[in-house]
Amino acid sequence: MRLFATIAFAVGAFSAVVSSHAQTTSPSPPSALGTAQRATIARDLVARWRDEVAKTPKGNVASWSSKLSKFIAIADESNVMRATTMSTLDGMHAALNGYVPDSPLQPPPTIGNSSVAPQVIGSTTADVSYTPLPWGRCRVANSLQNSTPTIANTVREIDVEDISSYAGLGGNGTYAHGDGSTNCGIPSFVAAFSVRVSVVSPAGTGTMRIFENGTPFQSGNSLFYTAGISSGGDMIVKSCRTCTNEISIQSTTAVNYIVDVLGYFAPPQATALQCLDTNTVSTVVQPGTTGYVALSACTSGYTEVNTKCIATTSGGDLMQQGGGYCVVRNNGPYPLSLGGNRVCCRVPGR
């Protein structure tokens, strides 16, 4: 990787910046998306994908559109822009949560085997990371609170995302941080949930299943229970991103139940680099001579990502930057002060 640096010259109030013998200007970062721009993007995405949403099992265009618009209004700008480029509905949902697709691998030209094909690395549903809820369990349903046990062999849908209160199914959100998906720390359009399902004092023996809404109940995880004995289990269940209610339950007998969300699976969030500049090293370069400075090394655990070279007084010509050095030729009539430092970064973590 080639590293670039800038060299600045100043005479009085005048200054100029050149890099590698040629004057360059770094592109300005894109301006932040405004409220109106985000609303326009949301409308465009709704128009583009509404027919696809309508075709999905239990797909509810109105509910999905409302959730999408609210999510785009607060989502990371780069994620929003990336979502506009995705070619699939799942890809668009994943991009809003930070998914960055990889390019397909290209096979080396020496393989020469038609049975070997490149594979795409990256999946919007499989390549996800787990995030435990920040304030502990989020109770999204509790039939004991409103006397609404399941009806035998009947599907009951449960809304987890984009909801202000879980009271409709007896839930109360977190223990001490409030009710609703926002207070629980549950974002929209996640890939799956980690849940704990409990069956309380069942009158008969049977099976409780929890599954992605809109899919057959037989595809869900099973919790077996025995008459008179409360039981529970931790499970992972996929989320229906296009449904009003993301998950469903069904039991073979009427039974009281509790559903707690413990965390969720979504594409990893972008991690900001932790960067620092080394101490500036400087020297004076006399007219008609070439001078250099050897830059201070990065702290252990950090990697150099850029080199900054700065020279004062006009007449300098930057000859080399990077590799731990700044080199300048002083073509002017006056002494030139040359200084530089490294920019060193690391990914935060243990």
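Rounded to a whole number, what is D in µm²/s for region 35-96 from Stokes-Einstein with the Kirkwood radius over alpha-carbon pairs (37 °C, 0.692 mPa s)?
Value of D from the Cα-based Kirkwood radius: 285 µm²/s.
Please compute the length gained on full extension between Tyr130 and Asp76, using 0.36 nm multiplied by the number of residues separating them and subtracting their Cα-Cα distance.
Values: separation 54, 0.36 × 54 = 19.44 nm, distance 1.92 nm.
So the extension gain works out to 17.5 nm.
Sequence gap at least 6, Cα distance under 8 Å: using those rules, report the relative contact order of region 129-266 to the nearest whole percent. Display every interim value, and only then the final one.
Working: 400 pairs, mean separation 52.3, N = 138.
Relative contact order of region 129-266: 38 percent.
Where does each of His177, His93 land when they are ranked from fewest to most other beta-carbon atoms within 10 angstrom? All intermediate terms of the calculation are to be shown ahead of the outcome.
On the way: His177 14, His93 27.
With the sparsest Cβ surroundings first, the list reads His177, His93.
Read-outs throughout are calculated quantities, based only on the coordinates presented, and are distinct from any laboratory measurement. Just so it is clear, the structure is predicted and the values come from calculations on it, not from any experiment. For neighbour counting, all protein chains shown are included, and Cβ atoms are generated from backbone atoms with ideal geometry for every residue, glycine included.
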